Each structure stands twice: as structure tokens, then as C-alpha cells.
Amino acid sequence: MDIPNVKNNTGNIACGIFESAEGFPNKFLGSAKAVVIRKNQKTKVQCDFSNIPPATYAIAVIHDENMNGELDTNWFGVPTEGYGFSNTTIDEFGSPAFSAASFAYDGQNIDLTIRLNY
């Protein structure tokens, strides 16, 4: 999976793949089937998941600039760090539902691009 528009080379890029709505998209450590964290050294990052069985999944990506392990928000709950989802679904009022960001995975290699929103 490619993330082509990382704003700067600060911090980490965290990619989580979820197989249900439970914990999606914020609870990477407790709910994601797999998590890939990349030290951000470029403005384009690649996250690859391996050994993922066929199922329906949704992916969430955050640019954790201060490396505190979470997506930071302002007083109004608006993210202050980059974020993105599979199907490029962004809800004006918060994160998309799992069903809106989900896709069927048949076990074959797929190429996904997730653009971050800042």
C-alpha cells in the first residue's frame, strides 16, 4: 500500500488493517488484525501487510508526527495530524464507518493507495 502525500518526514506512519468495526479506526493496538509502523523518512511511504487471509477489511493510516501512538486532535476533535482510510472515505463529521471504508480481499496481492488528509 502506498501513501504518496506525506506532508513532512517527521514522526511515524502507522497503518492498521481491521476485520471488523470494533476499534476501527482509532484502536490500532487492541483491535487491528495487523499494524505496520514505518519511520517516516520521505514524503512517500509504503506499508505492506503479510499473511492476511481472505476476508473483508478496512485500513486506517495516521501520520503520527510526535510519535505518541495516537492521532492528535484539537479542542474540537479535528485531527491535527494526517489521516486516511481505504476507499479514500472521509466523513465531514469524523471517521468513516467500517462498512464505508471496507473492501473484499481475496488473498491475492492488491495495490492500494491511501492519500492522507491534513
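The values are calculated or read from the model by the stated rules, or taken from the named source; none is laboratory data. Keep in mind that what you see is a predicted model, and the values were worked out from it rather than measured. Please note: Cβ atoms are built from the backbone with ideal geometry, for glycine as well, and neighbour counts cover all protein chains shown.
Applying the criterion of being among the aliphatic types (A, V, I, L, M) and touching a Gly at 6+ places or on another chain (Cβ under 8 Å) to the residues of region 53-89, the residue that is modelled with the lowest pLDDT is MET67. Considered as a group, the residues in region 90-107 that are within 22 Å of VAL45 (Cα to Cα) and modelled with pLDDT of 90 or more include one that is surrounded by the most Cβ atoms within 10 Å (Cβ to Cβ), and that residue is ALA101. Of all residues in region 41-56, those being buried (at least 16 other Cβ atoms within 10 Å of the Cβ) and either within 14 Å of GLY84 (Cβ to Cβ) or basic (Lys, Arg) (or both) number 2. Scanning for something in a strand (DSSP E or B) and not β-branched (Val, Ile, Thr), does region 89-98 turn up at least one residue? The answer is yes; a qualifying residue exists. Residues in region 58-72 that are over 12 Å from the mean Cα position of the chain (by Cα) and surrounded by 12 or more Cβ atoms within 10 Å (Cβ to Cβ): GLU65, ASN66, MET67, GLY69, ASP72. When SER50, SER20 are screened for being in a loop (DSSP other than H, G, I, E, B), in contact (Cβ under 8 Å) with a residue 24 or more places away in the chain and among the small types (Gly, Ala, Ser), only SER20 passes. Only residues that are surrounded by fewer than 23 Cβ atoms within 10 Å (Cβ to Cβ) and part of a strand (DSSP E or B) were counted in region 1-12, giving 2.
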